[in-house]
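In what follows, a structure is listed as structure tokens, so that the remarks can point back to it.
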Amino acid sequence: MVAQDYPLIQLLTDGRFHSGERLGVRLGVSRSAVWQAIERLRQVGLPVHAVRGKGYRLPYSLELLDAGAIRRHLSSETLRSLSSLDIHASVNSTNTLLMNQAARGASAGSVCLAEYQSSGKGRRGRVWQSPFGGSIYLSVLWRFDEGAMGLVGLSLAVAVALVESLERIGITGVAIKWPNDLFWQGRKLGGILVEVGGENSGPCHAVVGIGLNVRIPASIGEGIDQPWTDLAAIGCDLGRNAICGTILEGQFCALERFASMGPAPFLERWSRYDALVGHRVTVRGPREYREGVAVGIDCDGALLLEEGGHIVRVTAGEVSVRPACEPR
């Protein structure tokens, strides 16, 4: 649905009014067909305004993703490691698409981006709200030799690299809520989903998925079940292609370093961004409930929880963690 309406989206990206008649002429369709297409765009999260006598417009200009523009923000080293850079108008999930390609032999350094996800994936099966052009939906495929068991702490490294990339474009004050959610002043800004395939003790691959809120329409934000923010609200006016290039540069460097050195180089840097340390938190898993004070992470990236005078180790993928109160 999005792909067929992409030419209309391109005409609306300037944020100016365009009459239905003029749009119909440009697209070679009737005014009725334009109206139907506008309704489809609203269904995928584009807040198109309609004003009688003026026509249709977006309330802001929209920079569409462009492979050439993204490549211009990559170093020569990253460009050598980049196997492919595919941009889609619409996919079910960039992670799902790239995991399928990985199973068919896609090379390390393959990158998938999308303007819209019909089934965006969050942690533990949650849906990631994915309005058209409202966020960055980006996945990177990387291959490893030592097996899936050696990827403990990968999400930690990816999260640190992402926050540092945001700092390079002037976004400060971002914290990481273990294991891989990004928050700014207590509101969710983005998230990371790492999916692994292959053998436990042999060659394996990981797909690193990043979702970063850029400009979320209010109608979509109403469906998000926790406080959230986006780059526009923070005050970032950098284009999405520059942001994507900066993120990719950071991720490629981090993945290469993790492949050779593991999580150790990222542990100390994590402590600078830890959103939970010193806070009393609740931990909920399929068969357990815990409450204690977060005291950091260990060398494998597990959350350390002070509970009744003892330190409890909580591993990724088994629990969800939400702050329970202010720091003690």
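Taken over segment 144-165, the criterion of being in contact with a Ser or Thr (Cβ under 8 Å, 6 or more places away or on another chain) and touching a residue at least 60 places away in the same chain (Cβ under 8 Å) is satisfied by SER165 alone. Going by what's in this entry, would SER320 be described as modelled with pLDDT of 90 or more and on the phi < 0 side of the Ramachandran plot? Against the criterion (modelled with pLDDT of 90 or more and on the phi < 0 side of the Ramachandran plot), SER320 does not qualify. In segment 44-55, of all residues being free of Cβ contacts under 8 Å to residues at least 40 places away in the same chain and within 26 Å of ASN241 (Cβ to Cβ), the one that is surrounded by the fewest Cβ atoms within 10 Å (Cβ to Cβ) corresponds to HIS49. Of the candidates ILE176, ILE192, the single residue that is in a strand (DSSP E or B), without any contact (Cβ under 8 Å) to a residue 40 or more places away in the chain, surrounded by 21 or more Cβ atoms within 10 Å (Cβ to Cβ) and among the aliphatic types (A, V, I, L, M) is ILE192. Looking at THR78, THR96, just one residue is under 25 Å from VAL207 (Cα atoms) and without any contact (Cβ under 8 Å) to a residue 40 or more places away in the chain, and that residue is THR96. The set of residues in segment 5-25 being over 21 Å from GLU63 (Cβ atoms) and part of a helix (DSSP H, G or I) consists of GLY20, GLU21, ARG22, GLY24, VAL25. Against the conditions (1) more than 26 Å from GLN101 (Cα to Cα); (2) touching a Leu at 6+ places or on another chain (Cβ under 8 Å), ILE216 satisfies every one except (2). Of note, ARG40 satisfies the criterion of being touching an Asp or Glu at 6+ places or on another chain (Cβ under 6 Å) and surrounded by fewer than 19 Cβ atoms within 10 Å (Cβ to Cβ). Within segment 54-91, being of a type in the set (Ser, Thr, Tyr) and under 22 Å from the mean Cα position of the chain (by Cα) holds for TYR60, SER61, SER75, THR78, SER81, SER83, SER84, SER90. Summed over segment 26-53, the residues that are assigned to a loop (DSSP other than H, G, I, E, B) and under 18 Å from ARG16 (Cβ atoms) give a count of 5. When segment 1-36 is filtered for residues that are open to solvent by 10 Å² or more (accessible area, probe 1.4 Å) and among the aliphatic types (A, V, I, L, M), the ones remaining, listed by number, are MET1, ALA3, LEU11, VAL25, LEU27, VAL29, ALA33.
Annotation: LEU58 fulfils all but one of (1) free of Cβ contacts under 8 Å to residues at least 24 places away in the same chain; (2) surrounded by 14 or more Cβ atoms within 10 Å (Cβ to Cβ); (3) of a type outside the set (Gly, Ala, Ser); the unmet one is (1).
Restricting attention to segment 244-300 and to residues that are without any contact (Cβ under 8 Å) to a residue 12 or more places away in the chain and farther than 12 Å from VAL160 by Cβ, the residue that is surrounded by the most Cβ atoms within 10 Å (Cβ to Cβ) turns out to be MET261. Comparison of LEU74, LEU46, LEU41, LEU23 shows that the only residue that is at pLDDT 95 or above, within 29 Å of ILE192 (Cβ to Cβ) and of a type outside the set (Val, Ile, Thr) is LEU74.
The values are calculated or read from the model by the stated rules, or taken from the named source; none is laboratory data. Being a predicted model, the structure only gives us computed values, none of them experimental. Methodologically, a virtual Cβ is constructed for each residue, glycine included, from the backbone with ideal geometry; neighbour enumeration extends over all protein chains shown. Ligands, DNA and RNA are excluded from the accessible area calculation, which covers all protein heavy atoms including side chains. Shrake-Rupley method; radii C 1.70, N 1.55, O 1.52, S 1.80 Å.
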